[in-house]
Every structure is written in structure tokens, then in C-alpha cells.
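Each remark here refers to the structure printed beneath this line.
Read-outs: derived from the displayed coordinates by stated rules, not from any lab. All values derive from a computational prediction rather than experimental measurement. A quick note on method: Cβ atoms are made from the backbone with ideal geometry, for glycine too, and the neighbour counts reach across all protein chains shown.
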Amino acid sequence: MKLSQRIKSPTPKFFKKVRNIGLTIAALGTSILAAPVALPAVVLKIAGYLAVAGGVAGTVSQTAVKGE
């Protein structure tokens, strides 16, 4: 199965929840990174990790397909 076919295929209910949670975490991390106030370096580093982890979770869960 090609990647484009996997992405277009129906996603199981569990992985839809994981995708939505991952995208929410990515949005939270991105919004902290883009904040117009000066934040400590530790907070920015954690926000960067959140953005990456959320993006990966969203992408991987989108490629899960229902079994046949």
C-alpha cells in the first residue's frame, strides 16, 4: 500500500483520538514558542519538544488504517 493510499484510508477511532491530541499538543507548543513575551530557555526548549512530539504523534496516527 502506498503512503498516499494509507493517508486517504479510514483511520480507526483510537488513532483519531491520538491524532487530535497530538495536534493539540503541537499547537500548544507552537503557541508558546511564538509568544511575544520573553520566556526562560527551559520553557522554550520544552515547548519545542512538545511541538515536535505532537506533530509526530499526529502524523503517525494518521497513517494507521483499519484492518481487513
message = Below 8 Å, C-alpha to C-alpha, sequence gap of six or more: please give me the relative contact order for the chain in percent.
response = 53
task = Could you state the angle between the C-alpha long axis of helix 13-33 and the longest principal axis of the C-alpha atoms of the chain, as a value from 0 to 90 degrees rounded to the nearest 10?
result = 20
key: Of the trypsin sites (Lys or Arg not before Pro) in the chain, those whose Cβ has at most 10 other Cβ within 10 Å and which sit in DSSP loop   = Lys2, Lys66
task = Once you have the Cα-Cα distance between Lys8 and Val65, take 0.36 nm times their residue separation minus that, and quote the gain in nm to one decimal.
result = 19.6 nm
